[in-house]
Amino acid sequence: MKRIGILTAGGDTPALNATIHGAVVRANQLRVEVYGLLKGFNSLFNPRVPHVHLNPLFQAIPELDATMGGTILGASRDYLNPEDRKSLNEITDRLRRLKIEGLICIGGDGTVNGMQPLTERLPTVLAPKTIDNDLGLNYRNEPEEWQRKPSPPRGSWRYERTPSRTVFDLEQMINYVTPGFATAVFVSTSGIERVRTTAESHRRIAIIEVMGRHSGFIALGSMYGQPDFILVPESPVDCDLLADRVKELYELQKNVVIVCGEGIVDADGNELGAEKASTDPAGNKLLSGAAEALRRHLIRRIGDDFFRMRRRGTKAEEAIFTRKVGHTQRGGRPLLFDRFYAAQLGGKAMDILLEGQNNAVAILQWNRSQGFHVSSIEGNSFRDKWGLIHARTVHPSFYDQELMKPSRVGIEYLLKIFTRAIGSDDVEYVRQKLFDSGNLTEPYHSVNTDIAKRIRYL
Ligand code: F6P
């Protein structure tokens with residue numbers, strides 16, 4: 001191949017530029033031109049296919065900085081519809097006219113699905129990314145454990161797991177961890193540390209909501225911030241038990257910090273965050289979020305008297321507060337761990353594409369003898385028997401339901417990732433850049449301004 005395309009699809013992560021950089025460095029060595037397609041699959045829907053030549057004369061353009069969060073190519077959640085043959089034909093024709101012979105998509109489970117129709121038309125591979133850490137398998141045969149049952153409305157299905165017959169071992173995980181996850185945990189952990197001291201001072205109960213959709217990896221990793229309880233979507237929340245434990249601990253230390261994943265569910269499997277509790281001025285129902293729903297449960301169960309009797313204000317409402325870590329988890333400078341392995345995965349994706357693989361995924365493996373190393377796997381390995389890719393969830397052995405904290409195995413899992421995740425340059429960056437006097441006088445210079453000057457069209 002002489003020219004390949006690369007795009008970043010789905011929600012961004014701090015490590016996307018590092019992955020693109022790793023792919024471009026490898027392409028330079030192999031004398032392959034790399035065209036970056038703008039805003040994910042969106043570029044392909046545009047008849048002019050906006051793109052940027054990322055390595056003129058086989059040198060990476062200076063805007064491509066592996067230490068910068070986000071993606072210089074832009075991202076979107078646009079995907080190809082496999083049924084839409086007309087659009088697919090047009091896209092194939094555009095790529096052919098652009099002389100693009102293969103494609104690297106940087107994305108998560110949605111992207112593996114999204115790129116599927118393209119793999120029938122040109123070699124396409126995936127370099128993984130997602131802060132949720134949900135593109136992967138806990139073990140090789142995990143997709144086979146899914147069953148589906150008819151569910152209303154007619155023609156829909158409900159997917160359920162059958163009991164596992166596998167003895168879990170960390171070495172068997174497929175795609176142990178995805179780039180972006182470590183930085184997201186770093187951000188949530190720093191937030192928890194900060195919320196703790198203010199909760200301590202004001203004798204309050206804090207509920208901190210972290211991202212991750214239906215997977216509790218970010219919540220689990222947030223244990224580094226030493227919250228008192230962690231609630232993951234994989235384990236239904238027993239609100240009565242939680243309220244009792246919170247009261248017990250509050251008696252002792254006069255503050256409590258709870259971390260919850262945004263997708264936590266109640267005993268009936270209903271998402272707490274999807275509860276419609278309030279209405280806006282126009283009377284529309286508002287979605288409240290997991291932490292807010294949990295707060296209402298605790299206010300009801302703990303009650304005002306509990307705080308009044310201890311002279312900690314008059315209302316439970318005042319004592320129990322929530323914070324979402326939000327999009328700060330997805331942005332900013334990536335940690336060393338993310339940068340390093342994101343770049344390796346980008347390079348690996350380039351290698352497997354040029355080796356002639358198609359519909360394959362570059363993965364990051366871990367084992368006791370080699371530690372972390374990159375490898376690749378067939379994209380279909382992630383699919384169940386109906387072709388669906390399910391988000392990887394936290395394996396039950398990672399979480400202690402009784403303590404509401406990571407179990408011993410969960411701790412083992414985290415240690416591999418985080419023990420040396422922060423580089424000395426990550427620390428030095430804060431020292432040098434945060435209070436740089438120039439920040440006070442110079443407006444922010446967006447990389448988009450520079451990239452705009454490099455955009456070319458078909
Ligand atoms: O999938 C990544 C993720 O950050 C989730 O953790 C989160 O639920 C979602 O994306 C947020 O998406 P958006 O930025 O579109 O609100």
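Between N141 and N439, what FRET efficiency follows from the Cβ-Cβ distance if R0 is 51 Å, with the result rounded to 0.05?
Efficiency, rounded to the nearest 0.05: 0.50.
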- For E209, the residues 5 or more places away or on another chain with a placed amide H closer than 5 Å to its own amide H are C260, R323, K324, V325
- Query: So what's the chain giving for Rg/Rh, alpha carbon basis, Kirkwood Rh from the mean inverse pair distance?
  - Reply: 0.99
- Could you go through the range 341-348 in sequence order and give the Karplus-derived ³J(HN,Hα) for each residue, using 6.51 cos²θ - 1.76 cosθ + 1.60 with θ = phi - 60°, rounded to whole Hz, and x for Gly and Pro? 7, 4, 5, 4, 5, x, x, 5
- Can you tell me the order of 107-116, 4-13 when each peptide is scored by its average per-residue count of other Cβ atoms within 10 angstrom, highest first? 4-13, 107-116
- Note on the structure: For the range 362-439, using Cα atoms only, the Rg and Dmax in Å read 18.9, 58
- Query: With each pseudo-label sitting 7 Å past Cα toward Cβ, what's the R454-D240 distance in nm, one decimal?
  - Reply: 6.1 nm
- With the contact rule set at Cα under 8 Å and sequence spacing of 6 or more, what percent relative contact order holds for the range 183-330? 29 percent
- Note on the structure: Cβ-Cβ cut-off under 15 Å around L57, Lys and Arg +1, Asp and Glu -1: the net charge is +3
- Counting Lys and Arg as +1 and Asp and Glu as -1 over every other residue whose Cβ sits under 11 Å from the Cβ of L135, the net charge comes to -1
- Item | Debye intensity ratio I(q)/I(0), log10, the range 1-64, q values 0.16, 0.25 Å⁻¹ (C-alpha model) | -0.51, -1.10
- Message: From the helices alone, meaning DSSP H stretches of at least four residues, give me the mean residue ellipticity at 222 nm for the chain, per-run term -39500 (n - 2.57), in deg cm²/dmol to the nearest 500.
- Response: -10500 deg cm²/dmol
- Cα-based Rg of the range 75-133 normalised by 2.2 N^0.38 Å, two decimals: 1.14
- Message: Taking only Cα atoms of the range 183-330, what ratio of Rg to Rh do you get with Rh as the Kirkwood inverse-distance radius?
- Response: 0.96
- Sort the following peptides by mean Cβ neighbour count (other Cβ atoms within 10 Å, averaged over residues), highest first: 49-58, 91-100, 76-85, 207-216. 207-216, 49-58, 91-100, 76-85
- Query: Quick one: putting +1 on the C-beta of Lys and Arg, -1 on the C-beta of Asp and Glu, what dipole do you get for the chain around its Cα centre, in Debye to the nearest 20?
  - Reply: 760 debye
- Report, largest value first, the span of the C-alpha coordinates of the range 170-251 along each principal axis, in whole Å. 43, 27, 21
- Using only the Cα atoms of the range 86-229, what do you get for the radius of gyration and for Dmax, in Å? 20.8, 65
- Query: Starting at 0 and stepping by 5 Å, how many percent of the alpha carbon pairs of the range 37-88 end up in each bin?
  - Reply: 5, 18, 21, 21, 16, 10, 6, 4
- Item | the chain - percent relative contact order, Cα under 8 Å, separation 6 or more | 21 percent
- 3J(HN,Hα) from dihedral phi, the range 404-418, Karplus parametrisation 6.51/-1.76/1.60, rounded to Hz, x for glycine, proline: 6, 8, x, 7, 4, 5, x, 5, 4, 4, 5, 4, 4, 7, 9
- Query: Peptides 435-442, 350-357, 32-39: what's the order by average Cβ count within 10 Å, highest mean first?
  - Reply: 32-39, 350-357, 435-442
- Task: Could you tell me the distance between the Cα centroids of the range 353-369 and the range 1-22, to the nearest Å?
- Result: 16 Å
- Query: How would you classify the range 199-239 from its alpha-carbon gyration tensor, with a ≥ b ≥ c the square roots of the eigenvalues: rounded for a/c under 1.5, else prolate if a/b is greater than b/c, otherwise oblate?
  - Reply: prolate
- What are the chymotrypsin sites (Phe, Trp or Tyr not before Pro) within the range 316-399 that DSSP puts in a loop, where the Cβ has at most 15 other Cβ atoms within 10 Å? W386
- 5 Å binning of all Cα-Cα separations within the range 54-170, expressed as whole percents from 0 upward: 2, 8, 12, 15, 17, 16, 13, 8, 5, 3, 1, 0
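Coordinate-derived values only; no laboratory data. What you are looking at is a predicted structure, and each value in this text was computed from that prediction instead of being measured. Neighbour counts run over all protein chains shown; Cβ positions are idealised from the backbone, glycine included.
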